[in-house]
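Structure first, then comments.
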Amino acid sequence: MNININGKTLDVKLEKEKFVGEVLCGIEKWLSDSGHVLSGISIDNQEINVAEIESVFKKEINTIENLDIYTETISNLVMKSFRALLEDIEKYERLGFEEKANFFNNWKENSYANFLNEEAGDLYNLCENTFARAELSVQDLKSITEERIREINEPDKEFANIESILNEICKKLVDLPLDIQTGKEAQAAKTIQLFAAITEKIMRIFYQLDIQGYLTKTGNENILEQISDFTGILQELFNAYEKNDSVLVGDLAEYEASVRIKDIYTTIMSKIHKQTKFEQTKFKQTKFEDS
């Protein structure tokens, strides 16, 4: 059996696999690791629809000559769902009061909304807040969606642009224990929310930078180790905050959390610069060889 992915023959030798399902499960794992998802299947030039998938999984590979697999990057699918959301927001704005009341129940059934729920659950929840409960303004939802699009379109620029915001939030962390001690609960809660939001944004963009090739191919283990250590500190900080332990909050916020998130940011930014330099050098060499 020949296996083709997006028209290119896959150089692989099947050994233990007997059924199409076994082959597809192995390929899906490989696709997931490379930031792709399965978008279509064709067997001997016959396109397979959703209803036929279960029977196809049980099909023996020795009865097939060609298995054509079609994929799409997760980034592209996420981008399509974000752009579709912007169109849906505009539709929602034009509706009357009664139509708006029924909008969410219809919207949540469409394919892009389902994909959004799986891949960007936090944004899906914000959509529910806007479309179903009117707790978040339409303009705010639109701004957040546009921000997410920038994170995919130009992750390197979006990442560079958050440095000043990160520094400002980390300064607020230093004042967190004092806010707790002096009863400024609203201000303390806002600081925690802002810190959680900037942390989530850094992680989202790191994922995009990684799958889109903005980072150097080696050394990501160091970043992942930093992130793992930081996650533990973050949990300790949140636990201490919930217990109103201002002393522990102060130590964790000033000497651990703020320092570590800045270190993670600096490490990622450094790798972006290295990869950019490498690409520029490679381009110059190619241009010189061509001339």
Is at least one residue of segment 128-141 out of contact with any Phe, Trp or Tyr (no Cβ under 8 Å at 6 or more places or on another chain), of a type in the set (Ser, Thr, Tyr) and outside any helix (DSSP H, G or I)?
yes
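Let's see how each residue does on (1) closer than 30 Å to residue 30 by Cβ; (2) outside any helix (DSSP H, G or I); (3) at pLDDT below 95; (4) under 16 Å from the mean Cα position of the chain (by Cα):
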position	(1), (2), (3), (4)
151	yes, no, no, yes
158	yes, no, no, yes
166	no, no, no, no
171	no, no, yes, no
180	no, no, yes, no
186	no, no, yes, no
189	no, no, yes, no
213	yes, yes, yes, yes
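Here's the yes/no breakdown for (1) of a type in the set (Phe, Trp, Tyr); (2) farther than 30 Å from residue 131 by Cα; (3) under 30 Å from the mean Cα position of the chain (by Cα):
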{"site": "13", "(1), (2), (3)": "no, yes, no"}
{"site": "29", "(1), (2), (3)": "no, yes, yes"}
{"site": "40", "(1), (2), (3)": "no, yes, yes"}
{"site": "50", "(1), (2), (3)": "no, no, yes"}
{"site": "103", "(1), (2), (3)": "yes, no, yes"}
Is there any pair with a first residue in segment 96-113 that is closer than 28 Å to residue 77 by Cβ and a second that is assigned to a helix (DSSP H, G or I) and small (Gly, Ala, Ser) whose Cβ atoms are under 7 Å apart and which are 6 or more apart or on different chains, and what are they?
107/113; 112/81; 112/84
Within segment 58-79, is there a residue that is free of Cβ contacts under 8 Å to residues at least 24 places away in the same chain and either outside any helix (DSSP H, G or I) or more than 30 Å from residue 215 (Cα to Cα) (or both)?
yes
Can you tell me which residue in segment 191-211 is farthest from residue 275 (Cα to Cα), limited to those that are among the polar types (S, T, N, Q) and under 14 Å from the mean Cα position of the chain (by Cα)?
199
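Out of the residues in segment 4-55 that are among the β-branched types (Val, Ile, Thr) and part of a strand (DSSP E or B), state the one that is surrounded by the fewest Cβ atoms within 10 Å (Cβ to Cβ).
9
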Among the residues of segment 88-95, are any surrounded by 13 or more Cβ atoms within 10 Å (Cβ to Cβ), out of contact with any Phe, Trp or Tyr (no Cβ under 7 Å at 6 or more places or on another chain), at pLDDT 95 or above and not assigned by TED's automatic domain parsing to the domain that holds residue 201?
yes
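Conditions (1) surrounded by 14 or more Cβ atoms within 10 Å (Cβ to Cβ); (2) in contact with a Leu (Cβ under 9 Å, 6 or more places away or on another chain); (3) at pLDDT below 95, marked per residue:
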position	(1), (2), (3)
183	no, no, yes
210	yes, no, yes
218	no, no, yes
246	yes, yes, yes
262	yes, yes, no
277	no, no, yes
290	no, no, yes
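The values are calculated or read from the model by the stated rules, or taken from the named source; none is laboratory data. None of these values were measured; they are calculated from a predicted model. Positions of Cβ are generated from backbone atoms using ideal geometry, with glycine treated the same way; all protein chains shown enter the neighbour counts.
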